[in-house]
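Structure record follows, encoded as structure tokens.
The values are calculated or read from the model by the stated rules, or taken from the named source; none is laboratory data. In this text the structure is predicted, and so the values were computed from the model without any measurement. Positions of Cβ are backbone-derived with ideal geometry, glycine not excepted, and every protein chain shown enters the neighbour counts.
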Amino acid sequence: MTITHHPADELLLRYAAGATDEATSLILATHLALCPICRDTVADAEAVGGALLVSGHPVALKSNALESVIARLDDTVPLPKRPKPEPAPATGVVEPLRSYIGGSFDDVRWNKITRGISFKPLFKSGNARVQLIRTKPGQGVGLHTHRGEEFTLIMTGGYTDVTGHYTRGDLHSATPDILHRPLADEGEDCIVLAVSDAPLKFHNPAVGLIGKIFGF
Amino acid sequence: MKEEPSTLSAQMSALVVLVGERGDRAAFAALFGHFAPRVKSYLLRLGASSPLAEDLAQEAMLSIWRKAALFDPAKASASTWIFTIARNLRIDAIRRERHPEFDPNDPALVPDEEPRADARMMRDLDDANVHAALAKLSPDQAKVVQMSFFADKPQSQIAKELGVPLGTVKSRMRLAMAHIRAAIGKKT
């Protein structure tokens, strides 16, 4: 598997800093599970956090703080060291997405909106809404633009639009200036995790309904 | 015989390992002395009230006790690891959100390729080295990095406060990351 579309470094830095909302963090962390290269970037950005943490001016805790924490240690069960996992085939749903939807895309309660397209809203955080979109092979999502920023992470299959070809692990960042009509690859269903801060804007009024649904 | 860790950063990492391996309370107390006041300071800078910062700093120390066996000194310094604990506690307590993370032990995770694993060994993530890299940033770049970690504001707000376009904030952050990453690469 070769990932060719990565999140921008500044976005990974904000994730490492704890500055991204839960929706954006979920899509980035799920990309990280599939992308060793971006895991390196985040590790470096977190090292910046470590350096900033130790260089801050220490602020004393209450005088009995150590004592009261020590008193709680007996009731605090340490987690065991975890064994290195056996490498498994890259199937199923990776963490952290699995914690939100379970271990199989087939067990998701999909809402069918056309013959070829289903979706599943997951949650909102701030202005950002998170959903799964499932497109049958060879089917397309209608021509649309975005009112705001949208991130799409490909979980299975792939799609093509004017900006390129996207497959498993690719993170596609779309801005309002992109007008596109993603077309799913032949073969398996294309399932994507999408985070947007505004509903999609469709160009054909006939699919305006879909726009409303996607806007949930 | 094990070599005595030469830097403060390495000494702190060795203490976390001691807590993880044998529940060493003296090592824990030493970690508490160094890190608890710094975690409290971090939380205060991010706007936590004094009682909340006190509580969360104590919670962070308990998390260190609980999770010490999971700490891998080859992957991060103690301060980096503790930073992530404090960061996640803050998001949970103050923003009432989660900070989703990949699970390095997830069998479905795409593992590091061997050359990537080597590349990681080529990085020097000792606090002093990372700090030196930060010190070399231009004031503009250092500012946006600082604000990303301590301001808890959307980027558009950061841009407004600095009086520059959003794109400028983003490009400063990208450049800052590039400089930092170049600087912490180990010289061979």
Filter the stretch B:72-99 down to the residues that are outside any helix (DSSP H, G or I) and more than 15 Å from residue B:125 (Cα to Cα), then identify the one that is modelled with the lowest pLDDT. B:96
Collect the residues in the stretch B:125-152 that are surrounded by fewer than 17 Cβ atoms within 10 Å (Cβ to Cβ) and closer than 12 Å to residue B:182 by Cβ, keeping them in residue-number order. B:136
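Name the residue that is surrounded by the fewest Cβ atoms within 10 Å (Cβ to Cβ), counting only residues in the stretch B:1-53 that are charged (D, E, K, R) and part of a helix (DSSP H, G or I).
The qualifying residue surrounded by the fewest Cβ atoms within 10 Å (Cβ to Cβ) is B:22.
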Does the stretch B:158-171 contain any residue that is assigned to a helix (DSSP H, G or I), touching a residue at least 40 places away in the same chain (Cβ under 8 Å) and not hydrophobic (A, V, I, L, M, F, W, C)? no
When the residues of the stretch A:28-48 are narrowed to those that are out of contact with any helix residue (DSSP H, G or I) (no Cβ under 6 Å at 6 or more places or on another chain) and touching a residue at least 60 places away in the same chain (Cβ under 8 Å), which ends up farthest from the other protein chains (Cβ to nearest Cβ)? A:31
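Looking at the stretch A:41-83, which of its residues are polar (S, T, N, Q) and within 36 Å of the chain's Cα centre (by Cα)?
Answer for the stretch A:41-83, where residues must be polar (S, T, N, Q) and within 36 Å of the chain's Cα centre (by Cα): A:41, A:55, A:76.
Of all residues in the stretch B:102-118 being surrounded by fewer than 19 Cβ atoms within 10 Å (Cβ to Cβ) and at the interface with another protein chain (Cβ under 7 Å from one of its Cβ atoms), which is modelled with the highest pLDDT? Before you say what the answer is, go through the steps one by one.
Pass one, the stretch B:102-118, residues surrounded by fewer than 19 Cβ atoms within 10 Å (Cβ to Cβ): B:103-107, B:111-118.
From what's left, at the interface with another protein chain (Cβ under 7 Å from one of its Cβ atoms): B:103, B:105-107, B:111-113, B:116.
Working: B:103: 91, B:105: 85, B:106: 88, B:107: 85, B:111: 85, B:112: 81, B:113: 74, B:116: 55.
Going through the qualifying residues, I end up with B:103.
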If only one of B:176, B:182 is part of a helix (DSSP H, G or I), within 11 Å of another protein chain (Cβ to nearest Cβ), under 17 Å from the mean Cα position of the chain (by Cα) and over 14 Å from residue A:19 (Cα atoms), which one is it? B:176
(1) aromatic (Phe, Trp, Tyr); (2) closer than 23 Å to residue A:71 by Cα; (3) more than 7 Å from chain A (Cβ to nearest Cβ) all hold for residue B:65 apart from (3)
Checking residue A:7 against (1) more than 7 Å from every other protein chain (Cβ to nearest Cβ); (2) in contact (Cβ under 8 Å) with a residue 40 or more places away in the chain; (3) crowded, with 19+ Cβ neighbours inside 10 Å; (4) assigned to a helix (DSSP H, G or I), the condition it does not meet: (4)
List the number of the failed condition for residue B:92; all other conditions in (1) within 16 Å of the chain's Cα centre (by Cα); (2) surrounded by fewer than 17 Cβ atoms within 10 Å (Cβ to Cβ); (3) without any contact (Cβ under 8 Å) to a residue 40 or more places away in the chain hold. (1)
From the residues in the stretch A:49-100 that are within 22 Å of residue A:34 (Cβ to Cβ), in a loop (DSSP other than H, G, I, E, B) and at pLDDT 90 or above, which one is farthest from the other protein chains (Cβ to nearest Cβ)? A:93
Any idea which residue in the stretch A:13-27 is surrounded by the fewest Cβ atoms within 10 Å (Cβ to Cβ), counting only those that are more than 8 Å from every other protein chain (Cβ to nearest Cβ) and closer than 22 Å to residue A:131 by Cα? A:24
